[in-house]
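**Student:** Here you go, one structure.
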Amino acid sequence: MKKFGIGQPILRKEDIRFITGKGLYTGDITFENQSYMYVLRSNVAHGRIINIDIEKAKKGEGVINIFLAQDLEKAGIDALGTNFKTKNKDGSEMITPKRIAIAKDKVRHVGDPVAVVIAESVELAKNASEMIVVDIEELPSNTITSEAHKSNSPIIWEEAKNNMCFDWDMGDKNKVEEAFSKADKIIELDLTNNRIVPNPMETRGVVACYDPKEEKYELRCSSQGVHSLRTRISEVMGIEEKKMRVITTDVGGGFGMKIFNFPEYICALFASKLTERPVKWIAERSESFLSDTHGRDHVTTAKLALNNEGIFLGLKVYTIANMGAYLSNFAIFIPTLAGTAMLAGCYKTPAIYANVIGVFTNTPAIDAYRGAGRPEAAFVIERMVDKAAKETGLGPLEIRRRNLIKPEEMPYKTALNHTYDSGDFINNMEIAAKKANWDSFNDRRKKSLQNGKLRGIGLSTYIEACSGGGPEEATIILENTGEVTVHIGSQSNGQGHETAFTQIICEFLDVHPEKVKIIQGDSDIISFGSGTGGSRSIPVGGAAIQVASEDIISQGKKLAAKKFGVESNDILFEEGIFLVEGKNLNISIEDLAKENPEPIIASHQWTPPNFTFPNGCHICELEVDKETGKVKILKYTVVDDFGLVINPNLLAGQVQGGIAQGLGQALLENTVYDQDNGQLLSGSFMDYAIPRADDLTNIDIEWNMAPCKTNPLKIKGAGEAGAIGAPPAIINALVNALTEYNIDHIEMPATANKLWSILKSN
């Protein structure tokens with residue numbers, strides 16, 4: 001094992017920059033003659049725009065310009081598109097409404113942009129916005145996912161009958177019906193995957209510049225990938241991609257939300273050209289609640305068929321997925337192929353059928369949020385399995401032992417057409433159960449009861465499909481100074497990419513980590529990149545780095561062979577040294593680079609042949625205070641399979657962060673709309689709770705590695721895993737804690753107030 005290579009628990013090299021205040025976020029960027037943008041937003045959820053009067057506001061102090069939807073249209077700016085479409089189950093086309101950056105005829109959610117003010121400061125822009133007179137005829141609104149498609153629900157888009165965006169299905173319906181006809185027992189459960197507001201530490205923000213001489217735009221923003229964003233923005237602006245440069249520096253969290261193109265980005269670019277000045281916009285937290293894409297928001301009915309031995313025969317799932325008022329970039333993909341395709345979980349269910357309908361509501365668009373469909377699927381199946389465990393009397397461990405896929409059955413093709421290449425699901429669970437002291441739990445439960453506490457234990461297994469999709473490209477430049485520069489299209493959002501990529505370089509090239517520089521986040525410098533998302537940066541980007549490193553070594557062997565007057569086949573590369581076996585001929589890779597007048601360059605695109613399938617088992621043990629409903633996590637145990645581990649410190653951090661967000665969904669994060677007028681009632685941290693440090697406990701993590709067989713590094717993605725496994729483990733533990741109250745399900749978020757109400761009513 002290399003000192004700085006793969007497998008080493010090296011501290012994050014980028015943290016030196018962050019903790020000394022040298023990070024560079026979008027909010028830190030200021031240009032000479034910079035102006036500021038403020039977005040005036042609709043204060044009603046659904047309404048017809050009668051008139052917008054901006055004349056008085058234009059005369060306000062410091063105002064440079066004000067523009068509306070009509071101004072964008074006159075400039076030829078197109079609608080924001082969606083990057084994924086599907087067909088309805090009858091073969092017809094889904095509904096794809098036209099979304100422009102500023103609302104024109106109607107507003108469709110609170111926070112919908114209606115006008116944009118450019119001024120000398122944010123304060124002056126705000127002041128001017130208050131002089132804009134917006135006349136909106138308020139219409140009935142629709143914010144309830146389960147009610148949106150009913151005939152009496154207010155229609156948001158005329159072309160979408162009953163607010164239906166799509167009606168999609170997957171799986172063999174006939175086979176499932178046959179399985180259910182032979183079932184000895186059928187388990188049924190209704191549940192909700194609650195709406196989540198992402199709330200990264202750094203809000204969205206942009207600085208837009210237009211160069212009239214080059215006729216080129218530049219956008220600096222907090223993103224998860226500059227190349228895909230460049231493509232989407234160029235399409236909307238109606239320009240060639242070469243006329244658009246996107247730069248992302250440090251990013252304070254994204255969680256899926258920062259992948260997408262947003263109206264504010266288009267408005268800022270337009271404003272920069274209009275005013276011939278740089279334009280800056282940084283979202284306030286209240287804006288983020290109203291204008292960021294949200295996550296989850298599914299209402300599901302699931303049925304599981306079993307025989308007398310507790311063996312799964314078939315699964316039926318019906319889901320209503322909220323799309324919000326507009327279709328975001330990957331909105332359709334999340335509840336369909338991303339999430340629903342993972343309903344098999346870790347189990348050998350031979351027949352599965354799922355039907356998903358997407359509905360429009362007067363709420364912000366729904367799109368990817370950490371896990372992007374996989375947490376939703378895992379919650380469905382793991383709650384179903386736990387209910388089945390209770391109703392069959394087999395218990396959570398035994399019913400899973402009987403149905404989990406075994407290692408010797410790999411590769412395993414699920415009923416929803418995913419092929420798992422590797423994994424040891426039963427052993428994950430057995431190791432976790434032993435570490436969690438599962439067998440002695442009842443003794444601990446009795447002691448808690450004596451103290452007025454209800455103690456519960458719950459587990460979940462999970463598997464996700466990630467690290468798939470398009471290629472990633474890495475370019476390695478071995479400078480004639482001996483330093484190594486890596487250009488990579490992945491975009492760090494705080495995961496520690498600089499450290500992980502450096503370790504891969506050190507593993508294969510055996511250079512000192514201080515000589516490695518990772519460059520990301522500039523579409524003009526880096527030729528190609530798919531960004532970060534779907535836990536793909538290290539499995540896909542890292543694989544590209546490995547292959548490019550091998551090319552560097554191959555080139556180095558040729559140069560060394562020429563220097564020593566031998567054939568390149570005679571050259572070995574060991575511990576950073578090119579050498580000829582049996583002869584006193586050797587040179588370090590650094591010295592070889594210094595002797596070469598030109599840099600040694602290798603570039604490689606790696607396209608994953610299949611997804612990777614990280615998997616694991618979570619066990620949560622908790623207490624509920626009978627007098628207050630307050631939940632305390634006592635012990636949290638995780639056994640994960642991420643294939644080969646690059647850096648256990650980084651990996652543990654990703655797992656812990658994901659669990660924290662999963663806990664937030666399970667216990668705290670409650671997005672509430674007024675059902676009468678569509679107002680967001682939980683639009684600030686005064687009303688919307690996110691996890692604090694004291695909501696968690698120390699998390700006991702162990703790796704049970706089954707090397708991945710679909711990439712050369714043998715690794716599986718990890719970034720989303722914690723957020724997938726945590727919600728069902730926590731809710732399963734809560735249901736277990738309330739055993740004496742005969743509660744078989746608790747909807748998320750299981751807030752203290754909700755639990756207190758349950759306890760007091762029983």
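What follows is calculated from the coordinates using simple rules that are stated; it is not laboratory data. The structure displayed is predicted, hence computed values, not measured ones. Cβ sites come from the backbone with ideal geometry, for glycine too, and all protein chains shown count toward neighbours.
**Student:** What is the Cα convex hull volume of region 366-437 when expressed per residue in Å³?
**Tutor:** Once divided by residue count, the hull of region 366-437 is 135 Å³.
**Student:** Which net charge results for the neighbourhood of residue 464, defined as the other residues with beta-carbon distances under 10 angstrom from its beta-carbon, given Lys and Arg at +1 and Asp and Glu at -1?
**Tutor:** Its environment carries a net charge of +1.
**Student:** To continue, here is another question. Relative contact order (percent) for the chain, with alpha-carbon contacts under 8 angstrom and 6 or more residues of separation?
**Tutor:** So the answer I get is 16 percent.
**Student:** What does the charge count near residue 540 come to, summing +1 for each Lys or Arg and -1 for each Asp or Glu among other residues with Cβ under 11 Å from its Cβ?
**Tutor:** So the surrounding residues net to -1.
**Student:** Specify which residue in the list 600, 170, 711 is farthest towards the positive end of the charge dipole of the chain, using unit charges on the beta carbon of Lys, Arg (+1) and Asp, Glu (-1), about the Cα centre.
**Tutor:** Of 600, 170, 711, it is 170.
**Student:** Just want the ordering: 151, 603, 42, from fewest to most Cβ atoms lying within 10 Å of their own Cβ.
**Tutor:** Fewest-to-most ranking of 151, 603, 42: 151, 603, 42.
**Student:** Another one. Take the alpha-carbon positions of region 1-140, form their convex hull, and give its projected area averaged over all directions (one quarter of the hull surface) in nm².
**Tutor:** Mean orientational projected area (region 1-140, Cα hull): 16.6 nm².
**Student:** Still on this structure: Determine the dipole magnitude for the chain: charges of +1 sit on the beta-carbon of Lys and Arg, -1 on that of Asp and Glu, nothing else is charged, the reference point is the Cα centre, and the result goes in debye to the nearest 20.
**Tutor:** 1180 debye
**Student:** With point charges of +1 on the Cβ of Lys and Arg and -1 on the Cβ of Asp and Glu, referenced to the Cα centre of the chain, which listed residue (352, 457, 107) lies farthest in the positive direction of the dipole?
**Tutor:** It is 457, whose Cα lies furthest towards the positive end.
**Student:** State the extension gain, in nm to one decimal, for the chain segment bounded by residue 413 and residue 120, taking 0.36 nm per residue of separation less the distance between their alpha-carbons.
**Tutor:** That pair, residue 413 and residue 120, stretches by 99.5 nm at full extension.
**Student:** With the crude spin-label approximation of a point 7 Å out along Cα→Cβ, what separation in nm comes out for residue 524 versus residue 185?
**Tutor:** Going from the residue 524 label point to the residue 185 one covers 6.6 nm.
**Student:** Something else now. If R₀ is 41 angstrom, what is the calculated FRET efficiency for the pair residue 311 and residue 698, using the beta carbon separation as r and rounding to 0.05?
**Tutor:** 0.65
**Student:** Here is a further query. To the nearest 20 debye, what charge dipole does region 446-486 have about its Cα centre, counting +1 at the Cβ of each Lys and Arg and -1 at the Cβ of each Asp and Glu?
**Tutor:** Here region 446-486 has a charge dipole of around 1060 debye.
**Student:** For n ≥ 4 DSSP H runs only, could you compute -39500 (n - 2.57) per run for the chain, divide by its residues and tell me the 222 nm figure to the nearest 500?
**Tutor:** Result for the chain, helices only: -8000 deg cm²/dmol.
**Student:** Run through region 579-624 and list the GluC sites (Glu not before Pro) located in a DSSP loop whose Cβ has at most 12 other Cβ atoms within 10 Å.
**Tutor:** Filter output for region 579-624: 581.
**Student:** Using only the C-alpha atoms of region 469-606, find the volume of their convex hull and express it per residue in Å³. Show your work: numbers first, answer last.
**Tutor:** Values: hull volume 13.8 nm³, N = 138.
Per-residue hull volume (Cα only) is 100 Å³.
**Student:** What is the local net charge at residue 722, summed over the other residues whose Cβ is closer than 12 Å to its Cβ (Lys, Arg +1; Asp, Glu -1)?
**Tutor:** On the way: positive: 370, 374; negative: 464, 640, 720.
That works out to -1.
**Student:** Quick test of the membrane-span-like rule: which DSSP H helices of the chain reach at least 24 Å along their long axis (C-alpha atoms) with mean Kyte hydropathy at least -1.0? Mind showing how you got there, number by number?
**Tutor:** Values: long enough: 374-392 (27 Å, -0.44); 542-564 (32 Å, 0.06); 721-737 (25 Å, 1.25).
Qualifying helices, which must be both long enough and hydrophobic enough, are 374-392, 542-564, 721-737.
**Student:** Assuming R0 = 25 Å, can you tell me the calculated FRET efficiency for the pair residue 243 and residue 84, based on Cβ-Cβ distance, to the nearest 0.05?
**Tutor:** 0.45
**Student:** For region 469-606, with only Lys/Arg (+1) and Asp/Glu (-1) charged at the beta-carbon, what is the dipole magnitude about the Cα centre, in debye rounded to 20?
**Tutor:** 120 debye
**Student:** How high is the FRET efficiency from residue 676 to residue 551, r the C-beta distance, R0 51 Å, rounded to 0.05? Provide the component values of the computation, followed by the final result.
**Tutor:** Values: r = 63 Å, r/R0 = 1.24.
Calculated value: 0.20.
**Student:** Between 330, 298, 467, whose Cα lies farthest towards the positive end of the dipole of the chain when Lys and Arg beta carbons carry +1 and Asp and Glu beta carbons carry -1, centred on the Cα centre?
**Tutor:** It is 298.
**Student:** May I pose another question? Need one number: convex hull volume per residue for region 199-292, Cα atoms only, in Å³.
**Tutor:** So the per-residue hull volume is 86 Å³.
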